[in-house]
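Readers should treat all values here as calculations from the given coordinates under stated rules, not as data from a laboratory. Since this is a predicted model, take the numbers as computed values, not measurements. Because the Cβ atoms are built from the backbone with ideal geometry, glycine has one as well, and the counts that use them run over all protein chains shown.
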Amino acid sequence: MDFMTIQEASILWDISTRRIQSLCAEERLEGVRKFGRQWAIPTTAEKPNDARVKSGRYVKRATDTSRFNHATDDDSPIERPGFTPVSVLEQIHYSEIKDRIPNEQYDFVDLFCGAGGMSYGFHKIAELTKRFRWAGAIDIDTHANATYERNYHHKPRNIDLGETAVDEIKMALDLNPKNDLILIGCAPCQGFSSHRKKDHRGTDSRNTLVGRFAEIAVALHPKIIIMENVPDLLAKKHWNHYKAFKDTVEKAGYHIAVSILNMADFGTPQSRFRTVLIAAHDFFPTLPEPVFKPEQYRTVRDAIGNLPPLKPGGKDPIDPMHITSRHRKETVDILKKVPKDGGNRPQGVGPQCLDNVAGFYDVYGRLAWDKTAVTITARCRTPSCGRFAHPDQNRGLSVREAALLQGFPTDYYFEGPFDDKYKQIGNAVSPIFSTRLAAHILTLLAGQNHAKEFNTINEPYFCSYSGMIARSRNKSPV
């Protein structure tokens, strides 16, 4: 007997993966089997006439992005570009440009790979086009490596890139000498974060990994180098670290395109500004152009609006990632007084110190249903760390909600302790953006979207990009 996955049944029957999970759990599909955590559905199985969960608890999601190539774009009255791998390839007219790409296949390597957010786009585009080949991933985070392996069935190497010789790094990779290399490197960014601007513990050692990545990149001779980091990598305070990277790769003959991009412009339901860099040896590269207009931005409702409700400390019986913190009673009492749907903590509610510091206006705030989320961070489970409270429910975000707002698909599984799951999500590149980026790399390889001249940032213009972005947001109408 042949079987299909939940994702394949979702496409065949045009119903959400969550609904099919429920049908399997209720034994409403004949011949269905469960292997570990995965359901196997006979290809001969018929869709139930009503196709609804008996309890009526789950309904079709507004967004149903899956790990494989069966993701669907938002079912929204607002006309929007698609953001799934299939839609993105259609938007770059891949069928028309594929024969212009000189090589059949290119290796890709992800250094500082984390939970696999940046790798996601390259894996998904590879499954559809066969033009990318996974040649390795490296990170020092054991839990993130386990997450990566769980979702991609490729095991990253646990290596300290800051201390390991380049020859040893090369030996840890599965490079095909016949393939050109696409090298990804998203070094840990916390050292550059504006959240540390009042931290006087001295220079963060993680800052030096940007320069180290340049050294490794030049030694590996990739055709294209990709880097993502926080906006303040380009700020005056940290310019020396970016300049070390820039000088190293330019001396080796690479041309750089770099800018600060908002991930919301590419379909991520989150206002997330990031430094994005592409360096190429044989041409002047460009960065992806924005795809979504502000009025088309995907919202909190699009991402998490149809998830079942949870109480603090609650866990969904079907999705183990839809689980929340067990908040203290004091935290829940504060959230009960915060207005629903984007409300701020009222004056006099919560710790008194918050009323005396203007910079804490987002603390204990709620996300708004019909706006993008604020930047998802490693501490996004905690309402006292920012605007991370659910729009309606008196709790912080679940692991699944944080992941969906970051652009991960609905069935991405995170390994490790509870807090570490949020850290992996907050530190990740949005998979929705990485899909767009991987497709853009295909256009560059096909000879499209090349710049006519060298055009990069040669000096910093602000002390803190993050501070500038925050001030601009505060002045915007609510």
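Quick notes
- Under 27 Å from Lys47, Cα to Cα: lysines that are on another chain or at least 8 residues apart: Lys34, Lys60
- Packing-based exposure ordering (other Cβ within 10 Å, fewest first) of Lys336, Lys223: Lys336, Lys223
- Legend: distances between Cα atoms for Lys329/Lys423; Lys170/Lys423; Lys337/Lys423; Lys223/Lys293; pairs beyond 26 Å are Lys170/Lys423; Lys337/Lys423; Lys223/Lys293.
- The magnitude of the dipole of the stretch 107-185, with charges of +1 and -1 set on the Cβ of Lys/Arg and Asp/Glu and taken from the Cα centre, is near 460 debye.
- Counting every C-alpha pair in the stretch 308-397, the share spaced more than 19 angstrom apart comes to 36%.
- The charge dipole of the stretch 308-397, taken about the Cα centre with unit charges on the Cβ atoms of Lys, Arg (+1) and Asp, Glu (-1), comes to about 220 debye, rounded to the nearest 20.
- Estimated vicinal HN-Hα couplings, Hz - the stretch 223-229 in sequence order (Karplus 6.51, -1.76, 1.60; Gly, Pro = x): 6, 9, 10, 10, 9, 10, 7
- Aspartates and glutamates with Cα under 13 Å of Lys236, excluding same-chain neighbours fewer than 8 positions away: Glu459
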